[in-house]
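Take a look at the structure below.
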Amino acid sequence: MSSPTSTSPAFRTAIVPAAGLGTRFLPTTKAVPKELLPVVDTPGIELVAEEAAEAGAERLVVVTSPDKRSVAEYFQHQPELESTLAERGKDRLLDKVRRGPDLINAEIALQERALGLGHAVGCAEPNLAPTDDAVAVLLPDDLVLPHGVLGRMAETRRRFGGSVLCAFDVPADSVSSYGIFDVDDTDENDVKRVRGMVEKPAPDRAPSRLAAAGRYLLDRAVFDALRRIDPGAGGELQLTDAVALLISEDHPVHVVVHSGVRHDLGNPGGFLKAAVDFALKDSEIGPDLRDWLVERIGRS
Ligand code: UTP
């Protein structure tokens with residue numbers, strides 16, 4: 001395990017795993033990757049790329065599968081479309097089209113088969129630079145708002161070393177929907193030391209109310225751990241198993257408890273809530289949507 005210094009950035013590379021099958025969005029995901037479904041007009045993957053760039057990442061490694069290359073193409077410039085929009089004076093649209101590619105240097109890592117989140121993260125290892133002592137991992141179907149938790153996670157790694165995850169305090173009766181952390185307090189209110197994690201516990205068995213969210217700041221040691229864990233059901237390698245192995249070997253793992261909003265874009269219900277939330281904040285479509293929703297709810 002490497003020791004970050006107070007001057008070096010905690011990470012330069014962010015990994016975005018986007019090679020999953022997206023079964024909860026079938027039949028759409030037969031042809032369209034769920035990471036490109038628009039939250040109003042912008043795909044979730046651009047929203048997380050923006051978050052990574054704001055946190056100081058210089059490089060985005062998009063892990064995708066051979067039939068989902070459009071996810072990585074999204075971050076490439078489209079010279080013909082851009083010049084057409086420029087000729088027609090469509091400056092606002094031109095800004096939108098350029099925003100993704102201009103955010104960050106994106107590159108692709110291929111996961112040939114969907115063998116789990118841990119396996120997907122492992123597929124990005126050859127893309128890392130020798131100086132990448134740690135990497136950020138952002139799940140594109142998890143929106144964590146407001147932005148800024150990655151910065152707090154970086155501070156936590158600087159102070160405590162090791163790896164840092166992100167958690168939300170959830171109501172006691174919904175712990176059984178999440179991976180729940182078993183933690184000890186530190187002298188910082190929003191930072192806990194992780195002893196372990198329990199998948200979807202019954203409320204009376206839950207070690208805390210801290211649910212895992214899709215943001216990770218992982219020491220490079222995680223790639224070695226990924227090679228040493230056994231696959232679970234369906235041959236999938238779980239990222240949480242690699243983190244559990246590191247904890248068992250006294251690698252420090254902490255969570256930052258983020259207070260804010262989280263949207264799960266990975267299922268149709270969560271996706272719709274995010275879309276409505278974003279749309280209501282949009283100055284063009286928000287007011288009309290609000291009126292319609294009030295009228296529509298009154299009718300039900
Ligand atoms: P999810 O479990 O939410 O995505 O993984 P999924 O497997 O595509 O969705 P369902 O459960 O079948 O509906 C979280 C993220 O990890 C990626 C997914 O693309 C998603 O962005 N992932 C998951 C991979 O890149 N590879 C995998 O093998 C599994």
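The values are calculated or read from the model by the stated rules, or taken from the named source; none is laboratory data. Source: prediction; values computed, not measured. Here the Cβ positions follow ideal geometry from the backbone for every residue, glycine too, while neighbour counts run over all protein chains shown.
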* Asked: Of the conditions (1) within 16 Å of the ligand (Cβ to nearest atom); (2) in contact with a strand residue (DSSP E or B) (Cβ under 8 Å, 6 or more places away or on another chain); (3) modelled with pLDDT of 95 or more, A57 fails just one. Which one is it?
  -> (1)
* Does H263 satisfy the criteria of being within 26 Å of Q111 (Cα to Cα) and either assigned to a helix (DSSP H, G or I) or touching a residue at least 12 places away in the same chain (Cβ under 8 Å) (or both)? -> yes
* To do: Considering only region 16-38, state which residues are more than 6 Å from the ligand (Cβ to nearest atom), part of a strand (DSSP E or B) and either within 18 Å of V137 (Cα to Cα) or aliphatic (A, V, I, L, M) (or both).
  => V16
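Every residue, every condition in (1) surrounded by fewer than 15 Cβ atoms within 10 Å (Cβ to Cβ); (2) closer than 16 Å to Y216 by Cβ; (3) modelled with pLDDT under 95, yes or no:
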| residue | (1), (2), (3) |
| --- | --- |
| A53 | no, no, no |
| D67 | yes, no, yes |
| E80 | yes, no, no |
| G118 | no, yes, no |
| D133 | no, yes, no |
* Asked: Can you list the strands (runs of 3 or more DSSP E) found entirely within region 131-217 that contain at least 1 residues being more than 30 Å from P38 (Cα to Cα), of a type in the set (A, V, I, L, M) and in contact with a strand residue (DSSP E or B) (Cβ under 8 Å, 6 or more places away or on another chain)?
  -> 134-138, 179-185, 191-199
* Taking only region 154-173 into account, find how many residues are under 25 Å from K273 (Cβ atoms) and in contact with a Lys or Arg (Cβ under 9 Å, 6 or more places away or on another chain). => 8
* In the list G232, G161, which residue meets the criterion of being of a type in the set (G, A, S), under 21 Å from T13 (Cα atoms) and in contact (Cβ under 8 Å) with a residue 24 or more places away in the chain? -> G161
* To do: Would you mind stating whether V243 is surrounded by 14 or more Cβ atoms within 10 Å (Cβ to Cβ) and more than 21 Å from Y178 (Cα to Cα)?
  => no
* Asked: Under the condition of being assigned to a loop (DSSP other than H, G, I, E, B) and among the aliphatic types (A, V, I, L, M), which residue from region 39-61 is nearest to T13 (Cα to Cα)?
  -> A57
* Scan (1) closer than 30 Å to S83 by Cα; (2) touching a residue at least 12 places away in the same chain (Cβ under 8 Å); (3) away from the ligand (no atom under 16 Å from the Cβ); (4) surrounded by fewer than 18 Cβ atoms within 10 Å (Cβ to Cβ) for the single condition A129 breaks and write down its number. => (1)
* **Elements of type helices (runs of 4 or more DSSP H) in region 62-117, at least 2 residues being away from the ligand (no atom under 15 Å from the Cβ)** => 79-87, 91-103
* Asked: Does L60 satisfy the criteria of being surrounded by 22 or more Cβ atoms within 10 Å (Cβ to Cβ), touching a residue at least 40 places away in the same chain (Cβ under 8 Å) and hydrophobic (A, V, I, L, M, F, W, C)?
  -> yes
* Per-region count, region 1-18, residues over 13 Å from the mean Cα position of the chain (by Cα) and either of a type outside the set (V, I, T) or modelled with pLDDT of 95 or more (or both) -> 11
* Residue satisfying condition, being under 19 Å from G260 (Cα atoms) and free of Cβ contacts under 8 Å to residues at least 60 places away in the same chain, within set V175, V149 -> V175
* Quickly run through region 237-256 and pick out the residues that are more than 23 Å from N189 (Cα to Cα), of a type outside the set (S, T, N, Q) and within 19 Å of the chain's Cα centre (by Cα). => L237, L239, D241, A242
* What is the one condition in (1) closer than 27 Å to K30 by Cα; (2) touching a residue at least 40 places away in the same chain (Cβ under 8 Å); (3) not basic (K, R) that L103 does not satisfy? -> (1)
